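The values are calculated or read from the model by the stated rules, or taken from the named source; none is laboratory data. Predicted, not measured: the structure shown is a model, and the values here were computed from it. Methodologically, a virtual Cβ is constructed for each residue, glycine included, from the backbone with ideal geometry; neighbour enumeration extends over all protein chains shown.
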Amino acid sequence: MFGGLRKIQEKLGVKNFPLIDQTYYTNHRCMVVTPDLPMVAKVGHAHAGYGKVKLKTAEEVADFKSLVALHGDYITAEPFVKWDFDMRIQKIGNHYRGFKRTSPNWKGNTGNASVLEDMEVTPQYKLWIDECSQLYGGLDICALDLLHSTEENKDYILELNDTAIGLVHKYEHEDMMFMRDIVMMRLEEHYGQKKVEETRDVDELKQSVSLLKIELERERNEKEKLKQEIATLKEEGKKKKKLGIF
């Protein structure tokens, strides 16, 4: 997903698509050069805050590498952003929602003390999620996670989520109905087109059978005509023989 976000940044520019810097390590041995500290390191593809740690000193980085060495997972690292709230821009089909969350934890998606509220989907946020929804042949369901930096007073784009976005309870039923409509639409597009193709194949087959029947009838008529001509020639031969012509 991050590679797709990088392509969008190349298209729109760094200022217009402020994607957070991220470094990828295939394993712990590759973690020779790291982002400036403090940084956030994440192990593998876990989500919901699992496998993610904040590292503030070189000693903590060394300890983290020793733990990762036991498993062999890949690691991603990014600079730690001091934030006051994070955001999610959600898109389901043509329906948009924006959410803003505050939390006393540096990982906003952990603990029970976070506060979630609705927020406006500004033209800029709409542009970002629309660009994301065009990745990989098109994403009908996706959500973009952002952080607001208190030190720089700017937004940072963290990651893109595909269909496994999780739904806010307040809008869960309505959003599930939107998803249902998308699924039905895609099924109709796929199997409806298939039905049209099958109908077209049947029509072509019927036409081929009709042409074959016409050809068989023509051959039957020609064969019957040929039989009549042979019979006529035989009859003429008999008459000539009686008359002594042969």
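Only one entry in Glu174, Glu131, Glu204, Glu188 is surrounded by 11 or more Cβ atoms within 10 Å (Cβ to Cβ), more than 30 Å from Leu116 (Cβ to Cβ) and not polar (S, T, N, Q), namely Glu188.
Yes or no: Glu131 at pLDDT 85 or above and farther than 30 Å from Gly13 by Cβ?
Numbers: at pLDDT 85 or above: yes; farther than 30 Å from Gly13 by Cβ: no.
Against the criterion (at pLDDT 85 or above and farther than 30 Å from Gly13 by Cβ), Glu131 does not qualify.
Restricting region 36-50 to residues that are within 25 Å of the chain's Cα centre (by Cα) and in a loop (DSSP other than H, G, I, E, B) leaves a set whose member that is nearest to Trp106 (Cα to Cα) is Gly49. Among (1) surrounded by 13 or more Cβ atoms within 10 Å (Cβ to Cβ); (2) within 13 Å of Thr76 (Cα to Cα); (3) in contact with a Ser or Thr (Cβ under 7 Å, 6 or more places away or on another chain), which single condition is Gly49 missing? It is condition (2) that Gly49 fails.
Of the residues making up region 22-35, those that are in a strand (DSSP E or B) and either modelled with pLDDT under 85 or surrounded by fewer than 18 Cβ atoms within 10 Å (Cβ to Cβ) (or both) are Thr23, Tyr24.
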